[in-house]
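Undergrad: The structure follows.
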Amino acid sequence: MERPHKHHYIPVFYLQQRADEDGRLLKFSRPYGPAVKHEPTSPRKTGYQRGLFSGRRQREIDALLSPVNGITLRNFAIADDNQKRSD
């Protein structure tokens, strides 16, 4: 059986904008009870849930969000470029 797809509820391109110079984020979690654990991780390894959508529904959502993600990514690049110019 195929492993369920990772569904990022925080888009990877958004997380990449907040990563350090090594491309890592600090991930906080509570894997066992109330104690908070933190560890460095890549944007692709956080902000997701496996199998949130599947089959036909997954294809519909991918088709809907793909253009939106592309537009948002371009807007992030423009804003980043404008920020660098003003600094």
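The values are calculated or read from the model by the stated rules, or taken from the named source; none is laboratory data. Quick caveat, the model's predicted, so the values are computed rather than measured. Note that we place each Cβ from the backbone using ideal geometry, even for glycine, and neighbour counts take in every protein chain shown.
Undergrad: Testing Arg50 on (1) touching a Pro at 6+ places or on another chain (Cβ under 8 Å); (2) surrounded by 12 or more Cβ atoms within 10 Å (Cβ to Cβ), one condition comes back false. Which one is that?
TA: (2)
Undergrad: Then there's this: Does region 58-68 include one or more residues that are of a type in the set (D, E, K, R), touching a strand residue (DSSP E or B) at 6+ places or on another chain (Cβ under 9 Å) and more than 18 Å from Ile10 (Cβ to Cβ)?
TA: To start, the set of residues in region 58-68 that are of a type in the set (D, E, K, R) comprises 59-60, 62.
Among the residues that remain, those that are also touching a strand residue (DSSP E or B) at 6+ places or on another chain (Cβ under 9 Å) are: none.
No, region 58-68 contains no residue that is of a type in the set (D, E, K, R), touching a strand residue (DSSP E or B) at 6+ places or on another chain (Cβ under 9 Å) and more than 18 Å from Ile10 (Cβ to Cβ).
Undergrad: Can you tell me which residue in region 30-73 is modelled with the highest pLDDT, limited to those that are among the hydroxyl-bearing types (Ser, Thr, Tyr) and in contact with a His (Cβ under 8 Å, 6 or more places away or on another chain)? Break it down stepwise before answering.
TA: Quick first cut of region 30-73, residues among the hydroxyl-bearing types (Ser, Thr, Tyr) only: 32, 41-42, 46, 48, 54, 66, 72.
Going one step further and asking which of them are in contact with a His (Cβ under 8 Å, 6 or more places away or on another chain), we end up with 48, 54.
Numbers: Tyr48: 87, Ser54: 68.
Step by step, filter region 30-73, then rank; the result is Tyr48.
Undergrad: Just to verify a result, which residue in region 3-35, among those that are part of a loop (DSSP other than H, G, I, E, B) and of a type in the set (A, V, I, L, M), is surrounded by the fewest Cβ atoms within 10 Å (Cβ to Cβ)?
TA: Ala35
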